[in-house]
1. For residue 64, only one of the following conditions fails: (1) of a type in the set (S, T, N, Q); (2) buried (at least 16 other Cβ atoms within 10 Å of the Cβ); (3) closer than 30 Å to residue 109 by Cβ. What is its number?
2. Pairs needed: first member in the range 67-78, more than 12 Å from residue 9 (Cα to Cα); second member anywhere, open to solvent by 20 Å² or more (accessible area, probe 1.4 Å) and outside any loop (DSSP other than H, G, I, E, B); C-beta distance under 8 Å; at least 6 residues apart or different chains.
3. Give 101, 79, 47 a once-over and let me know the one that is open to solvent by less than 90 Å² (accessible area, probe 1.4 Å) and at pLDDT 75 or above.
4. Within the range 2-36, count every residue that is open to solvent by 50 Å² or more (accessible area, probe 1.4 Å), modelled with pLDDT under 90 and more than 28 Å from residue 108 (Cα to Cα).
5. Residue 62 is checked against (1) of a type in the set (S, T, N, Q); (2) without any contact (Cβ under 8 Å) to a residue 24 or more places away in the chain; (3) part of a helix (DSSP H, G or I) and fails just one. What number does that condition carry?
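The values are calculated or read from the model by the stated rules, or taken from the named source; none is laboratory data. On a predicted model such as this, the values are computed, not experimentally measured, just so you know. Positions of Cβ are generated from backbone atoms using ideal geometry, with glycine treated the same way; all protein chains shown enter the neighbour counts. Accessible surface is based on the protein model in full, side chains and every heavy atom, while ligands, DNA and RNA are left aside. Shrake-Rupley method; radii C 1.70, N 1.55, O 1.52, S 1.80 Å.
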Amino acid sequence: MDPIIAYIDKFDGNGNFTLWKNHVYLVLQAKGVAHAVENDLRYEDSSGNFVFDIDDSKADDTASIIIRSCLTPEYANYSMKLKAFELWAELDMLFSSAKTSQIVAQLSKLLACKMQPSDKNGRTFTATFKSIV
């Protein structure tokens, strides 16, 4: 793994998406592939297919690898077929608003809330659940 990327916390849907996005964008700039997330690099050829030229294809691949390596596995695997521009836009749509980040954080807490064997009557579980909701 690239040492620069190792310093970026993997984004898991929680935390400050804007800060994470800025860190990843700086890495993309340093690697010379930021243009792959700024514009869709594909163009339509004479037969109507969308294609890349070889340099843009390499830039897209590199940008996609960098972005995915800064995501937790569930988000990285979710987006395997997306090009860098699409992936960047999709992440922005999902996490850029504060409300979305709050909802994701709340859902993560709810999913982690489990009744323990020692909680025979469910009071601890109920109290924990109520405190989250």
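1. Just one mismatch for residue 64, condition (3).
2. From the range 67-78, the pairs are 76/68; 76/69.
3. Values: 101 fails: at pLDDT 75 or above; 79 fails: at pLDDT 75 or above.
After ruling out the rest, the residue left standing is 47.
4. Matching residues across the range 2-36 total 3.
5. Unmet for residue 62, out of (1) of a type in the set (S, T, N, Q); (2) without any contact (Cβ under 8 Å) to a residue 24 or more places away in the chain; (3) part of a helix (DSSP H, G or I): (2).
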